[in-house]
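The values are calculated or read from the model by the stated rules, or taken from the named source; none is laboratory data. Computed from a predicted structure; not experimentally measured. Here the Cβ positions follow ideal geometry from the backbone for every residue, glycine too, while neighbour counts run over all protein chains shown. The accessibility values were calculated without ligands, DNA or RNA, using every heavy atom of the protein model including side chains. Shrake-Rupley method; radii C 1.70, N 1.55, O 1.52, S 1.80 Å.
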Amino acid sequence: MIRLLLVDDHAVVRQGYRRLLEQQGNMVVAGEASTGAEGLRLWRELQPDVAILDLALPDIGGLELLARIRQRDAQARLLAFSMHRDVLWAVQAVRAGALGYVTKSSPPEVLQQAVREVAGGRRFCSPDLAAELRAALREAEPPNAADSLSPRELEVLRLLLAGTSVPEIAAALCLSPKTVHNTHYQIKTRLEAANDFELVRIARRLGLGD
């Protein structure tokens, strides 16, 4: 029996995942979380075989959660399940510690297969992104400038683009405001943005903003 942890901020979506996965007969959802912080706590408590993590979480974010779990357990079997079909997000998820990446537009059987593969310690990517991800991971240079951002930098950027204030970002990611300011500066340097207006423009061009 494969014990699962579901981390997604939409209860209705989690309910759908639970039905889809438990109908396999050899999978059971041991816990559910709606935030990254709650997901980290339940992962510690439950030690699931596979954690399925949405990347767009309301607090620490899915990439940061992946990295934090991976720091605590290098053998953790983590599956990113995201609305993002951009290969940048898949690359960042893999670099943060995910064994698998599945887009939410994938057929139900793809998620089921992904859980089985990740539970067995094997890498998996949904077919709609698999070729792009393999090519991106083979490249000596990142596909674009945004791929040079670390998972934490990408989370800070995501929150900045959403209009979150520096104190709110610091509280959500358990960082000091000074660290957030420094990270903000590093992001602008990496993306070669002269100011915040240009940062927003570059981020949107790279598919990181609305």
Please give the helix 151-161 orientation as an angle from the longest Cα principal axis of the chain, in degrees from 0 to 90, rounded to the nearest 10. 70 degrees
Pull out the extension gain between ALA74 and GLN47, defined as 0.36 nm times the separation in residues minus the alpha carbon to alpha carbon distance; nm, one decimal. 8.4 nm
Taking R0 as 41 Å, what's the FRET efficiency between GLU109 and VAL200 from their Cβ-Cβ distance, rounded to 0.05? 0.60
Accessible surface of segment 76-198, 1.4 Å probe, proportion on carbon and sulfur as whole %: 53 percent
The chain - mean residue ellipticity at 222 nm from DSSP helices (-39,500 (n - 2.57) per run, n ≥ 4, rounded to 500): -16000 deg cm²/dmol
One finds, for GLU168 and ARG18 with R0 = 25 angstrom and r their Cβ-Cβ distance, a FRET efficiency to the nearest 0.05 of 0.20
Along the charge dipole of the chain, pointing to its positive end and built from +1/-1 on Cβ of Lys, Arg, Asp and Glu, which listed residue (LEU175, LEU208, LEU5) has its Cα farthest out? LEU5
For the chain: Kirkwood Rh in Å [reciprocal of mean 1/r, alpha carbons]: 17.4 Å
What ³J(HN,Hα) values, in whole Hz, does the Karplus curve 6.51 cos²θ - 1.76 cosθ + 1.60 give for segment 162-171 when θ = phi - 60°, with x put for Gly and Pro? 7, x, 6, 6, 4, x, 5, 5, 4, 5
Only four residue types carry charge here, +1 at the Cβ of Lys and Arg and -1 at the Cβ of Asp and Glu. Report the dipole size of the chain about the Cα centre in Debye, rounded to the nearest 20. 380 debye
With only Lys, Arg, Asp and Glu charged, each at its Cβ (+1 for the first two, -1 for the last two), find how big the charge dipole of segment 1-54 is about the Cα centre; round to the nearest 20 debye. 120 debye
In degrees between 0 and 90, to the nearest 10, how far off the longest principal axis of the chain does helix 36-46 point, with axes built from Cα atoms? 40 degrees
